[in-house]
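Each remark here refers to the structure printed beneath this line.
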Amino acid sequence: MADIQTLKEESRVFPPPADMMKHAAISGMEAYQALCDEAERDYEGFWARLARENLSWQTPFTKTLDESDAPFYKWFSDGKLNVSYNCLDRNLDNGNADKTAIIFEADGGEVTRLTYRELHGRVCQFANGLKSLGIRKGDRVVIYMPMSVEGVVAMQACARIGATHSVVFGGFSAKSLQERIVDAGAVAVITADEQVRGGKHLPLKAIVDDAFALGGCDAVRNVVVYQRTSGKINWQQGRDLWMHELAASQPSACEPEWVDAEHPLFILYTSGSTGTPKGVQHSSGGYLLWAMLTMKWTFDVKPSDVFWCTADIGWVTGHSYIAYGPLAAGCTEVVFEGVPTYPDAGRFWDMIARHKVSIFYTAPTAIRSLIKAADANPAVHPDRYDLSSLRLLGSVGEPINPEAWMWYYKNIGHEKCPIVDTFWQTETGGHMITPLPGATPMVPGSCTLPLPGIMAAIVDETGQDLPNGQGGILVVKRPWPSMIRTIWNDPARFRKSYFPEELGGKTYLAGDGAIRNKDTGYFTITGRIDDVLNVSGHRMGTMEIESALVAHPMVAEAAVVGKPDETTGESICAFVVLKRPRPEGDEARQIAKELRDWVGKEIGPIAKPKELRFGDNLPKTRSGKIMRRLLRVLAKGEEITQDISTLENPAILEQLKHAI
Ligand code: PRX
């Protein structure tokens, strides 16, 4: 990974391609600046104009921004609309009815195509099915599904009837799922019998059953099951229903439920530095506006584009840039089930060639692992594939190091596709800081400049602006339409996490550090400033993993830190003290495996520590505080050069130095 010093010194600049500049939605830096100036001049007027021009309102709004209960901001609050109507019906009315909405490619390569008319019909039928179960506006529905047309249908159907969905990534464990079902107070769970990844069948319905067995899911009346594999599953009569049977007898029209712009479209759980995952609550109107507008601005989507975002619907990227944004923008999108390395590491390039993908959006981790694969096996090198359909590339979820950026630019984009390095978060709903493909000169490793209307800045701990060239805390100074509205069930935590008093209570704290280039003002994200890790673009709290470890009967104490990793960006390193003497050799390896599996069961496989080290104790100050900064140095395998005079037990450092 590139360190911050290299990034600060990165001087290569790549101008956007001239023809893209000519035709882009935001064409040239003057056009970008003009939009920024408009927002600066009349902030509310700017957003009101965009919301009127881009969304279809059943009841037009008259109030744009309501700051009376800040930081619980409201946008377009007296307007009514329906998100599914904006994504589907609108496309039937504007000539896209027979246009392909989704090209779905399954793990095994089977391809299904759906037009906007067909997708609309499927969503309406399923929405009617959900209504027949008594699911109403405001009810919460948990979606625990594989990547599928049905997953998108489930989300859109909830939106259509005004039910608030909460999608849980299919890699989370029964316990994580149960916690989310309980916290959301879900009345139904939509799942699949199994999911398929890299040729393997993995259970989903069985995990839902296990989640129920953990208790507390009493509000759930029904479990709706999409039949993906026809694998054997348990069935609870009266509670469990097949998705296809539920939809089959339903009419293919369903009047959308008109909701207030502020109506919660979804809750998506994400990790913070402390406590349990937080349910990030998003709105309907403001959220959709930004999902759609960033499709136009950042991806410059045109009617002829084939857009492919490789994320999973279990993450925010899959919400904004699979389930909602592309459909609201009326484009053709690829939806993919599987992994980038199956049947071989040429899968992405092969799919781009076969489906003539023109806009490709993926994560740096995927790029880095495919670089390695291409180096190791020329048969899967992107050179072997026809990538000439591509005109724009995107990166999301974690910092992209300049080497990976350059490889992506040269080998995938053939030096003619701009790369949009999009910085954003679950909480922001859509892109915040990113190059514009027809305007911004690109610098590898920098997400460049905030989108028009996004008042991003860098401040110190007291909220004072810092000059360019000086690293600090990334904040957003004004509310924006797609921002998080609250943490479900925990407004106090919302305030504390994102609008701390130290910054005045009205400035959004992103949780990342950043620095602006002295000359260009370009932003580079320097990483989280809290105890949140980013492993392969998956966000995890160190505390969550520590709690999972100490829940094991053998573990007395645990501390988890991130360690830079060439492929996954960061990896998880856990320092563990057992209730029994410190194990060594085979015994240590055996216990480490047991603990890794345990964490996999408690949270999910993505949270398994890559490395475990055992000590008789952890490095602590005299007052008993774990000195994590020392653990970070040890994890990296570096010598400790910092001051350790406050350390109670220096001898422990030697023990923790080496991986088992
Ligand atoms: O640290 C930043 C990193 O991912 C975090 C947000 O994670 P999550 O809510 O899971 O959303 C991921 C998908 C938007 C941020 O706080 N991050 C995201 N995009 C970038 C990034 N870091 C650097 N560059 C990016 N482009």
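General remarks:
- Residues that are buried (at least 24 other Cβ atoms within 10 Å of the Cβ), of a type in the set (A, V, I, L, M) and more than 12 Å from the ligand (Cβ to nearest atom) within region 405-447 comprise LEU436, ALA439, listed in sequence order.
- From PRO452, PRO467, residue being surrounded by fewer than 24 Cβ atoms within 10 Å (Cβ to Cβ), assigned to a loop (DSSP other than H, G, I, E, B), free of Cβ contacts under 8 Å to residues at least 12 places away in the same chain and not hydroxyl-bearing (Ser, Thr, Tyr): PRO467
- Options GLY615, GLY600: the member that is of a type in the set (Gly, Ala, Ser), over 30 Å from the mean Cα position of the chain (by Cα) and surrounded by 13 or more Cβ atoms within 10 Å (Cβ to Cβ): GLY615
- In region 266-358, counting only helices (runs of 4 or more DSSP H) that sit wholly within it, the ones holding 1 or more residues that are among the basic types (Lys, Arg) span 285-297, 347-355.
- Checked against (1) in contact with a strand residue (DSSP E or B) (Cβ under 9 Å, 6 or more places away or on another chain); (2) within 19 Å of LEU133 (Cβ to Cβ); (3) polar (S, T, N, Q); (4) modelled with pLDDT under 95, ASN222 meets all criteria but (4).
- Search result, residues across region 425-450 that are of a type outside the set (S, T, N, Q) and at positive phi: GLY429, GLY445
- Failed item, numbered, when LEU288 is tested on (1) closer than 20 Å to SER56 by Cα; (2) within 13 Å of the ligand (Cβ to nearest atom): (2)
- Residues within region 376-402 that are within 15 Å of the ligand (Cβ to nearest atom) and of a type in the set (D, E, K, R), tallied: 1
- PRO256 meets all of the listed conditions (1) in contact (Cβ under 8 Å) with a residue 60 or more places away in the chain; (2) crowded, with 24+ Cβ neighbours inside 10 Å but one, namely (2).
- Test: residue in region 216-224 that is under 30 Å from LEU81 (Cβ atoms), of a type in the set (D, E, K, R) and part of a helix (DSSP H, G or I): no
- Listed conditions (1) at negative phi; (2) surrounded by 17 or more Cβ atoms within 10 Å (Cβ to Cβ) are all met by PRO564, apart from (2).
- Some residue of region 508-526 being modelled with pLDDT under 95, assigned to a strand (DSSP E or B) and within 15 Å of the ligand (Cβ to nearest atom): yes
- Just so you know, in region 127-159 the residues that are in a strand (DSSP E or B) and of a type in the set (A, V, I, L, M) include one that is nearest to ILE102 (Cα to Cα), and it is ILE143.
- Just one residue in the set PRO609, PRO605 is surrounded by fewer than 17 Cβ atoms within 10 Å (Cβ to Cβ), touching a residue at least 60 places away in the same chain (Cβ under 8 Å) and closer than 20 Å to SER173 by Cβ; that residue is PRO605.
The values are calculated or read from the model by the stated rules, or taken from the named source; none is laboratory data. All figures in this text were calculated on a predicted structure; none of them were measured in a lab. Neighbour counts are summed over all protein chains in view; Cβ atoms, including those assigned to glycine, are modelled from backbone coordinates with ideal geometry.
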